[in-house]
Amino acid sequence: MEKLIVRGGQTLNGTVEIEGAKNAVLPILAASILASKGQMVLDNVPILSDVFTMNEVLNVLQVNLEFNQLHKSIVLDATGKLSSEAPLEYVSKMRASIVVLGPLLARLGHARVAMPGGCAIGTRPIDLHLKGFEALGATIKQHAGYIEASAPKLVGSHIYLDFPSVGATQNIMMAATLAEGTTVIENVAREPEIVDLANVLNKMGAKVVGAGTDTVRIEGVKSLHGCRHSIIQDRIEAGTFMVAAAVAGGDVLIKDAIKEHNKPLISKLEEMGVQVKETDAGVRIKRRQALKPVSVKTMPHPGFPTDMQAQMTVLQLVATGTSLMTETVFENRFMHLEELRRMDADYKIEGRSVLLYGPTKFNGAEVAASDLRAAAALAIAGLVAKGYTRVVNLQYLDRGYYHFQQKLRALGAEIVRVTEPANQEILNEAAFNKELAYQQAQDQDLTVTVKQA
Ligand SMILES: CC(=O)N[C@H]1[C@@H](OP(=O)(O)OP(=O)(O)OC[C@H]2O[C@@H](n3ccc(=O)[nH]c3=O)[C@H](O)[C@@H]2O)O[C@H](CO)[C@@H](O)[C@@H]1O
Ligand SMILES: C=C(OP(=O)(O)O)C(=O)O
């Protein structure tokens with residue numbers, strides 16, 4: 001079983017580079033379906049298992065693609081005859097595959113996509129996506145685990161979303177690009193990833209205005225074409241390293257980080273006593289003294305992101321005093337806390353809120369990630385834990401973080417990724433030191449190879 005093993009006690013110092021955003025690239029990959037002429041070229045694509053899964057879905061749909069991992073770019077060609085069916089095998093691996101529904105419906109007038117189902121963090125229905133397609137004139141049938149949407153012609157409409165769902169906004173926006181007439185979607189999600197998608201759609205020939213505000217207006221066009229686009233930086237990966245630096249202490253530059261995208265997190269870090277400085281090179285995080293407790297509530301953007309909640313609770317547990325975290329976006333996103341309790345965290349969950357009693361003296365333990373951000377949070381707790389923390393279920397980590405342990409190691413963390421049999425620890429202190437030195441040497445080889453390329 002693959003594990004991250006972290007030996008706590010080192011501060012983090014240096015510079016970390018951030019990848020392109022997972023949550024931007026996935027819908028943009030799906031948008032390639034809309035291009036009936038010309039190729040799409042995407043740059044700054046993160047090398048993540050979710051990207052491979054989306055590529056598999058596109059392959060099944062007959063979109064030709066080539067992923068050049070060395071240059072982090074993908075070339076996509078959807079100009080041939082496409083298939084309209086996305087089977088369960090792929091959709092069950094990754095909920096975000098549901099965003100192929102809108103583009104397929106717009107391009108082919110028909111789509112059959114497996115129902116995505118829930119996941120560890122919540123039930124995650126897709127009623128808002130479907131309501132939007134129906135408003136554009138589609139007929140939706142749900143049968144035997146599949147959603148079938150068909151519309152000989154999509155027609156622009158006025159849609160109000162009950163909740164600013166990220167996926168529903170993206171899916172409806174993409175469907176509306178090829179609808180006849182104008183679509184106005186109100187109460188849409190305002191995340192930076194929505195803006196990135198709208199920018200791509202406009203480069204493809206669409207007419208989308210208002211992305212980043214709560215109303216998006218789309219004037220339908222007859223067809224769309226390929227374009228070239230560089231994916232925006234991953235604000236959640238950037239935020240994760242900001243929190244890691246604040247938890248472990250030290251001085252870390254998050255290279256090219258966009259402060260604006262992480263405003264709600266940065267304002268909380270400052271409230272806690274972390275120094276945050278915007279420089280030409282990025283955002284610099286310094287923490288030298290004890291932290292003050294804070295209250296945080298997750299909200300749709302520009303509120304505090306739910307995808308930073310797990311990592312933030314670790315920082316709150318390190319602060320001196322009682323902090324409060326309220327999760328309003330997903331109904332079941334505190335599963336990492338049960339694992340942190342194994343590391344001696346003290347907290348009390350009351351409905352959608354949790355009281356976190358700090359300062360915590362974390363003790364290393366074997367802990368299991370329940371989702372992707374939980375994996376990052378547990379490793380971050382390991383940075384300040386006494387002894388060794390072993391994090392398992394790394395398939396979640398790989399969904400959203402590229403070279404996570406290498407990046408932490410480069411900042412001075414003592415962390416290795418190894419394969420150990422279940423319920424068995426094979427690394428003692430001497431073996432850990434040896435493995436750490438070996439993996440550090442491999443990191444240097446990697447840097448040299450990348451520089452040479
Ligand atoms: C690939 C991707 O971009 N994933 C992000 C996206 O997920 P995703 O697009 O799935 O998240 P949504 O914004 O749609 O979901 C937010 C809330 O709305 C509910 N809901 C959503 C749609 C719907 O039709 N009905 C409904 O009730 C969900 O169950 C959830 O409670 O936004 C989330 C919220 O910022 C992030 O945590 C995810 O990382
Ligand atoms: C919840 C997340 O992703 P997804 O919507 O793909 O499950 C996440 O990125 O934290």
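Coordinate-derived values only; no laboratory data. No experiment lies behind these values; they were computed from the predicted model shown. When we count neighbours, we look across all protein chains shown, and the Cβ atoms used for this are built from the backbone with ideal geometry, even at glycine.
Side notes on the structure shown:
- Whole-number percent relative contact order across segment 98-217, with pairs defined as alpha carbons under 8 Å at least 6 apart: 24
- Legend: calculated FRET efficiency, residue 442 to residue 52, from the Cβ-Cβ distance at R0 = 25 Å, rounded to 0.05, equals 0.65.
- DSSP beta bridges fully contained in the chain are about 70 percent antiparallel.
- Between the listed residues 174, 109, 295, the Cα displaced farthest toward the positive end of the dipole of the chain, a dipole computed from Cβ unit charges relative to the Cα centre, is found at 295.
- Net charge contributed by nearby residues that have their C-beta within less than 15 Å of residue 55 (K/R +1, D/E -1): -2
- Kirkwood radius for segment 47-135, taken over all pairs of different Cα atoms as the inverse mean of 1/r, rounds to 14.0 Å.
- Debye-sum result for segment 305-453 in log10 I(q)/I(0), which assumes one identical scatterer on each alpha carbon, at q = 0.08, 0.10, 0.14 Å⁻¹: -0.25, -0.38, -0.71
- Separation of segment 1-79 from segment 195-235 is 18 Å, based on Cα centroids.
- Principal axis dimensions, largest first and in whole angstrom, of the chain by Cα: 65, 48, 47
- Sequence-distant residues sharing a close amide H with residue 86 (under 5 Å, placed H): 112, 113, 114
- Normalising the Debye intensity of segment 202-320 to I(0), with uniform scatterers on Cα atoms only, and taking log10 at q = 0.20 Å⁻¹ returns -1.04.
- Here, P(r) means the percent of Cα pairs in each 5 Å bin from 0 to the largest distance; for segment 22-230 it is 1, 8, 17, 22, 23, 17, 9, 2, 0.
- Computed FRET value (nearest 0.05) for residue 37 with residue 124, which takes r as the C-beta separation and R₀ as 25 Å: 0.10
- Derived scalar couplings ³J(HN,Hα) [segment 378-385; Karplus, 6.51 cos²θ - 1.76 cosθ + 1.60; whole Hz; x for Gly, Pro]: 5, 5, 5, 4, x, 5, 10, 7
- Across segment 1-68, Cα-Cα pairs farther apart than 18 Å form 52% of the total.
- Simple point charges give the picture: +1 on the Cβ of Lys and Arg, -1 on the Cβ of Asp and Glu, and for the chain a dipole about the Cα centre of about 460 debye.
- Whole-number percent relative contact order across the chain, with pairs defined as alpha carbons under 8 Å at least 6 apart: 20
- From the alpha carbon centroid of segment 299-324 to that of segment 365-400 is 17 Å.
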